Amino acid sequence: AQQGRVREKVYGKQKIYFADQEQLPAASDAELRGLDGEIAARSGQLQALQQSCRHMEAELKDLNSSMTTPEIAREIEALRKDCASYTEKLERIKSATNHVTPEEKEKV
């Protein structure tokens, strides 16, 4: 601050130091327009990247919530066993010889 490179402002008990902008070169209008154009281009890139990131996060969430191949294989095997046991049970019921006829049912 004493050398003039940094300026100091006092607000009550607080001191704030900042770079002395008078020593910096002033930007021309053409440079400012160029910087504005670069900011706009970078903002567009940022928007595209953020949208891509959201899409990838959604896809990751879907993949994490879905079953893996080994889990699906185990599930299919369990369902096939259930299906086989139900088919066997149905065949036993169909082949049973002690069915109650509708007439007997009405008597009871």
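The values are calculated or read from the model by the stated rules, or taken from the named source; none is laboratory data. Because the structure is a prediction, the values reported are computed rather than measured. With ideal geometry, Cβ positions are generated from the backbone for all residues, glycine too; neighbour counts draw on all protein chains shown. These area figures cover heavy atoms from the full protein model, side chains too; ligands, DNA and RNA do not enter into them. Shrake-Rupley method; radii C 1.70, N 1.55, O 1.52, S 1.80 Å.
In table form, for the structure just shown:
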read-out	value
Viscosity 1.002 mPa s, temperature 20 °C, Stokes-Einstein D of segment 13-55 from Kirkwood C-alpha radius, µm²/s	156
Accessible-area composition of the chain, carbon plus sulfur, in percent [1.4 Å probe]	55
Top positive-direction residue, dipole computed over the chain with Cβ charges, set PHE18, LEU79, GLN45	PHE18
14 Å beta-carbon shell around ALA19, net charge (K/R +1, D/E -1)	0
Å² per residue, accessible surface of the chain at 1.4 Å	98
Ellipsoid equivalent to the chain - semi-axes via the Cα gyration tensor, in Å	85, 20, 15
The chain: Lys pairs at Cα distance under 25 angstrom, eight or more positions apart or on different chains	5
Fully extended contour minus Cα-Cα distance, from VAL100 to TYR11, at 0.36 nm per residue	22.0 nm
